[in-house]
1. Condition test on Asp106, is it charged (D, E, K, R), farther than 22 Å from Leu361 by Cα and within 18 Å of the chain's Cα centre (by Cα)?
2. Can you tell me which of (1) exposed (fewer than 15 other Cβ atoms within 10 Å of the Cβ); (2) not in a loop (DSSP other than H, G, I, E, B) is the one Met180 doesn't meet?
3. So which residues in the range 23-60 are outside any strand (DSSP E or B), under 22 Å from Thr132 (Cβ atoms) and of a type in the set (A, V, I, L, M), if there are any at all?
4. Say whether the condition of being within 21 Å of Phe232 (Cβ to Cβ), surrounded by fewer than 18 Cβ atoms within 10 Å (Cβ to Cβ) and modelled with pLDDT of 95 or more is met by at least one residue in the range 318-330.
5. Go through the residues of the range 128-149 one by one and say whether even a single one is surrounded by 21 or more Cβ atoms within 10 Å (Cβ to Cβ) and touching a Phe, Trp or Tyr at 6+ places or on another chain (Cβ under 6 Å).
6. If Ile222 passes every condition in (1) hydrophobic (A, V, I, L, M, F, W, C); (2) surrounded by fewer than 23 Cβ atoms within 10 Å (Cβ to Cβ); (3) in contact with a Ser or Thr (Cβ under 8 Å, 6 or more places away or on another chain) but one, which one does it miss?
7. Within the range 106-124, work out how many residues are surrounded by fewer than 23 Cβ atoms within 10 Å (Cβ to Cβ) and outside any loop (DSSP other than H, G, I, E, B).
8. Quick check on my filter: what residues within the range 281-299 are surrounded by 18 or more Cβ atoms within 10 Å (Cβ to Cβ) and either closer than 20 Å to Ser159 by Cα or not polar (S, T, N, Q) (or both)?
Amino acid sequence: MASDQYLVFFGTYTRPGQSKGIYVSRFDAVKGRLENPELASEAVNPSFLAIHPSRPFLYAVGDTVAINGKKTGAVSAFSIDQATGKLVLLNRQSTGGIGPCHVSLDHAGRCALVANYGDGSCASLPVKADGTLGEAESIIRHEGSSVNTSRQSGPHAHSINPSPDNRFALAADLGLDKIMVYRLDSAKAALAPNAPPFAAAPPGSGPRHLAFHPGGKFAYVINEMLCTLTAFRYDAAAGALEPVQTTSTLPAGTAVLPEYSTAEVQVHPNGKFLYGSNRGHDTIAVFTVDEKSGTLKLVQNEPSGGRIPRNFSLDPDGKWLLAANEKSGNVAVFAVDPDTGLLKTTGVSVEICSPVCVKFLRAGRP
């Protein structure tokens with residue numbers, strides 16, 4: 001397969017007689033053609049995936065399982081057959097918490113970072129040379145609450161990402177309205193609280209996912225509960241965030257209905273555009289980025305091609321966006337205008353039950 005060909009992996013929520021685990025499809029980045037997905041490996045609710053930055057390994061978090069006789073959240077390691085996209089389970093480890101919902105790899109590929117939504121904890125696990133995971137080196141449980149008593153009576157870690165220089169890990173906690181900041185020792189796969197230890201999001205907003213600007217000077221947090229995005233100025237030396245703007249992901253004048261929430265956020269590889277998903281409103285919000293101030297301007301709300309766009313992903317060259325619509329059970333393909341960042345539906349859509357994560361792997365890589 002040529003360099004403009006990709007394997008695309010889909011995490012799903014599994015149901016008897018429907019989804020069975022992780023699926024894979026082939027994507028032609030010249031034609032925008034997405035083939036029908038095939039089962040890559042059976043797994044229980046592989047809700048979020050991460051691909052190793054340089055080797056053919058994939059990692060997935062899933063529901064509570066029994067490991068060594070104890071019920072716990074689990075993160076699984078798989079090897080990738082680069083010809084077929086099929087996955088082989090290497091091993092599984094405890095995430096040290098309940099309800100894992102997000103996994104990422106540090107930029108060196110030596111450490112897996114996991115956020116446990118259920119008990120509001122984060123864990124770091126060593127990645128061995130053969131791709132398998134060691135037992136968690138760090139497990140840190142958040143403490144506290146925030147203003148929405150029905151959803152924020154305790155911590156709910158929703159994502160954790162390494163900083164661009166790999167010195168820190170930032171965890172968005174929906175229950176605390178905080179972005180926790182940890183010092184990251186990649187070689188030891190260890191986390192330690194930073195000073196300052198966190199940045200605050202607007203009260204009741206529920207920070208969910210975070211994306212860094214490719215220039216490294218800004219970070220963007222999408223807030224699930226109020227359908228907003230917060231732009232932060234990022235101090236790479238200190239691992240500190242300073243808020244510069246919070247703006248709606250919905251069209252001007254649109255009320256935030258009870259069924260509305262946000263999910264994913266990604267910055268275009270060129271740094272000029274940012275995208276966020278609106279569930280309930282069922283759109284992908286498109287923003288332009290002021291590259292001097294980091295502030296955002298909403299320029300489009302494109303229908304996601306289905307219901308409840310839980311997750312989406314831009315291809316590595318930023319030419320296409322694939323939106324995973326959880327409730328309508330489909331993945332829709334959009335073309336990205338290179339000059340404006342605006343999305344245009346291609347009419348291409350494939351069926352897959354309860355897709356909740358999309359990850360690209362360029363054919364022939366690593």
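The values are calculated or read from the model by the stated rules, or taken from the named source; none is laboratory data. Keep in mind it's a predicted model, so treat the numbers as computed, not measured. Backbone-built Cβ (ideal geometry, glycine too); neighbour counts: all protein chains shown.
1. Considered against the rule, which asks whether it is charged (D, E, K, R), farther than 22 Å from Leu361 by Cα and within 18 Å of the chain's Cα centre (by Cα), Asp106 comes out as no.
2. (1)
3. Ala43, Val44
4. The answer is no; no qualifying residue exists.
5. No, the conditions are met nowhere in the range 128-149.
6. Unmet for Ile222, out of (1) hydrophobic (A, V, I, L, M, F, W, C); (2) surrounded by fewer than 23 Cβ atoms within 10 Å (Cβ to Cβ); (3) in contact with a Ser or Thr (Cβ under 8 Å, 6 or more places away or on another chain): (2).
7. Result for the range 106-124: 0.
8. His281, Asp282, Ile284, Ala285, Val286, Phe287, Val289, Gly294, Leu296, Leu298
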